[in-house]
Amino acid sequence: MYSEKVMEHFHNPRNVGEMENPDGTGHVGNPVCGDIMEIYIKVKDNIITDVKFKTFGCGAAIATSSMVTEMVKGKTLEEALKISNKAVAEALGGLPAVKMHCSVLAEEALSSAIDDYLAKNPDKNTDTLRKLHKTQHAHLEEESE
Amino acid sequence: MKQIYLDYAATTPADPEVVQAMLPYFHDAFGNPSAIYSYGQEAKNAVEEARTKVARLIGARDDEIVFTGSGTEADNFALKGVAFANKSKGNHIITSSIEHHAVLESCKFLGKMDFKITYLPVDSYGLVDPQDVKKAITDKTILISIMHANNEVGTIQPICEISKVAKEAGVYFHTDAVQTAGHIPSNVKELGVDLLAMSAHKLYGPKGVGLLYIKKGTKIMPFLNGGAQERGRRASTENVPGIVGFGKAAELAGRDIDSEAARITRLRDKLITGIQKNIEHIKLNGHPVKRLPNNVNISVEFVEGESMCLNMDMSGICISTGSACSSTSLEASHVLLALGLDPVKAHGSLRFTLGKWTTEEEIDKVLETLPRIVAKLRAMSPLYKK
């Protein structure tokens, strides 16, 4: 039921683990649905220099976590916020329909980590980022409906 | 890589002897049992011989057996057939919250047709309390349906006690014996049931054939209308090869039941103690003793079931999980939740079901493989703190 790419990321997930003193942490999901994701980011000069994840979940949840961290590493925050769940799913060669929510969760986890970073750094010139972030959230709320 | 199959509760391979017994009935003895010429009569005789064999396995009379297309069909037949035939007497049905979907969904359907359904709770082992059954009975109760043993956690219900309660109240009692008949003693007289559902592919027979035992005198509506097959209770040209295979499977199961149950129980207990010894934070789901000889169901804390199953499959081991991630809904197994497991433990459940071809070496391989996989996934889990 999973693509080769999903299985590959599931078996050899990239960027697994915790991070000491992350600049932003995203924690999403809930145990009732069986998926919990945490994403940690390091940000320097508006660029995500390092990213790690920890996930409790199915094959798709682990693969989407791995893929989103790979996609976001070295990207600016603007670029990172533009990564949609569909892009994550596409990069994995597609996901079964019942597993698309895992890609939404991956996008939410990343978005929530960036959100945390922005909240902790109010001094930075982040107005445009905040706006971008808001649009991103609007799209996520639509997805979950 | 040789696969290690530990999902016998999902389905079993047909025994080669069963396949051999079936083969003549596809081409050579292909006749319609309803036909009067010799081809037909040959097929008819084969069906009746098979009927005797399955009846013997469960201590029934031949004319109390109705062959169906599956265990699910047999459950549907029992529930709907009794409900509609006894509507003038009452509209109340009692069942448990951990039944197979074949029973639960039939009840749900009947619930929309003016029947009232009581779903009894179970204790933390998955046991139904016969006293709860007694208390739930009203003057409108027409049927009680409690499974013989649960397909997920393997808990064996106190069927004899419940059948006494049913008998005292004059209420029909159906049991889904899909996981038990042929594996543990399932004599209809000893169990005291009026109806019992079985499936061939759970006891090394073919898929596509099941049966409903209907005690003589039980008021029930025909399930399929059409020809006069199965004494007018289930029209359809008989699945002759399937029925013959079912008969052979029942014969073999009856012959081997005691030795197999003892052999498998020992392997089951080795697997349970081995897992508990090799891995921390393990919970055995279901009853430690009132348990199917072949069932091991555990919760591995902090990790999700599907990811464990996928990893086990990569190592050539086929097992199943009660995690939501293996289904289209996002909820974990209704059985595990009814036992009171928290969602994380329910999502982290694994089911190993052993069978005829399970060897000690295979159990050793599982005990060697699983800890490695759990450690890998726990290292990845945000819930696991060393």
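The table below gives the values:
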{"item": "Cα-centred dipole magnitude for segment B:298-386, charges only on beta-carbon of K, R (+1) and D, E (-1), debye, nearest 20", "result": "280 debye"}
{"item": "Above-threshold pairs, the threshold being 19 Å between Cα atoms, out of A:82/A:131; B:164/B:189; A:42/A:86; B:108/B:135", "result": "A:42/A:86; B:108/B:135"}
{"item": "In order through segment A:41-54: 3J(HN,Hα) via Karplus (6.51 cos²θ - 1.76 cosθ + 1.60), integer Hz, x for Gly, Pro", "result": "10, 10, 10, 9, 6, 6, 10, 6, 8, 8, 8, 9, 9, 9"}
{"item": "With DNA, RNA and ligands ignored, accessible area of residue A:27 (1.4 Å probe; Å², nearest 10)", "result": "100 Å²"}
{"item": "Protection-proxy order for peptides B:198-210, B:275-287, B:369-381, B:93-105, each taking the mean of Cβ atoms within 10 Å per residue, highest first", "result": "B:198-210, B:93-105, B:369-381, B:275-287"}
{"item": "Relative contact order (%) - segment B:211-293, alpha-carbon pairs under 8 angstrom, separation at least six", "result": "14 percent"}
{"item": "For residue A:19, net neighbour charge (Lys/Arg +1, Asp/Glu -1) across residues whose Cβ lies under 13 Å away", "result": "-2"}
{"item": "Cα shape, chain B, gyration tensor, a/c 1.5 rule", "result": "oblate"}
{"item": "Rg over Rh [alpha-carbon atoms, Kirkwood Rh] for segment B:115-215", "result": "0.97"}
{"item": "Per-residue HN-Hα couplings for segment B:351-367 [Karplus 6.51, -1.76, 1.60; θ = phi - 60°; Hz; x = Gly/Pro]", "result": "10, 10, 10, 8, x, 3, 9, 6, 10, 4, 4, 5, 5, 4, 5, 5, 5"}
{"item": "When each of B:112/B:167; A:73/A:120; A:73/B:2; B:80/B:167 is checked by Cα-Cα distance, pairs over 31 Å", "result": "A:73/B:2"}
{"item": "Net charge over other residues, Cβ less than 14 angstrom from the Cβ of residue B:316 (K, R count +1; D, E count -1)", "result": "-3"}
{"item": "Solvent-accessible area of residue B:173 with every protein chain in place, 1.4 Å probe, in Å² to the nearest 10", "result": "0 Å²"}
{"item": "Cβ-based net charge around residue B:44, under 14 Å, with every Lys or Arg adding one and every Asp or Glu removing one", "result": "-4"}
{"item": "Anisotropy class of segment B:248-328 from Cα gyration tensor, a/c 1.5 cut", "result": "prolate"}
{"item": "Hull shadow area, averaged, the protein assembly as shown [alpha-carbon convex hull, nm²]", "result": "27.4 nm²"}
{"item": "³J(HN,Hα) computed for each position of segment A:57-73 - Karplus, 6.51 cos²θ - 1.76 cosθ + 1.60, integer Hz, glycine/proline x", "result": "x, 6, x, 5, 5, 5, 5, 5, 4, 4, 5, 5, 5, 5, 5, 9, 5"}
{"item": "For chain B: relative contact order, % (alpha-carbon pairs under 8 angstrom, 6 or more apart)", "result": "22 percent"}
{"item": "Computed [θ] at 222 nm, helices only, for chain B once each DSSP H run of length n ≥ 4 contributes -39500 (n - 2.57)", "result": "-13000 deg cm²/dmol"}
{"item": "Accessible area, probe 1.4 Å, largest first, for residues B:113, A:67", "result": "B:113, A:67"}
{"item": "Carbon plus sulfur fraction of accessible area for segment B:1-102, probe 1.4 Å, in percent", "result": "56 percent"}
{"item": "Solvent-accessible surface ranking, highest first, for B:8, B:39 at 1.4 angstrom", "result": "B:39, B:8"}
{"item": "Cβ-placed point charges (K, R +1; D, E -1), dipole of the protein assembly as shown about Cα centre in debye, nearest 20", "result": "1100 debye"}
{"item": "Accessible heavy-atom area order of B:213, B:172, highest first, probe of 1.4 Å", "result": "B:172, B:213"}
{"item": "Per-residue [θ]222 nm for chain A (sum of -39500 (n - 2.57) over DSSP H runs n ≥ 4, rounded to 500)", "result": "-15500 deg cm²/dmol"}
{"item": "Peptide A:57-66 - average C-beta neighbours from other chains (10 Å radius)", "result": "5"}
{"item": "Charge-dipole axis of the protein assembly as shown as Lys and Arg at +1 and Asp and Glu at -1 on Cβ define it, positive-most pick from B:162, B:180, B:369", "result": "B:162"}
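The values are calculated or read from the model by the stated rules, or taken from the named source; none is laboratory data. Predicted model only: the values in this text are computed from it and were never measured. When we count neighbours, we look across all protein chains shown, and the Cβ atoms used for this are built from the backbone with ideal geometry, even at glycine. Please note that ligands, DNA and RNA were not included when accessible areas were found on the heavy atoms of the full protein model with its side chains. Shrake-Rupley method; radii C 1.70, N 1.55, O 1.52, S 1.80 Å.
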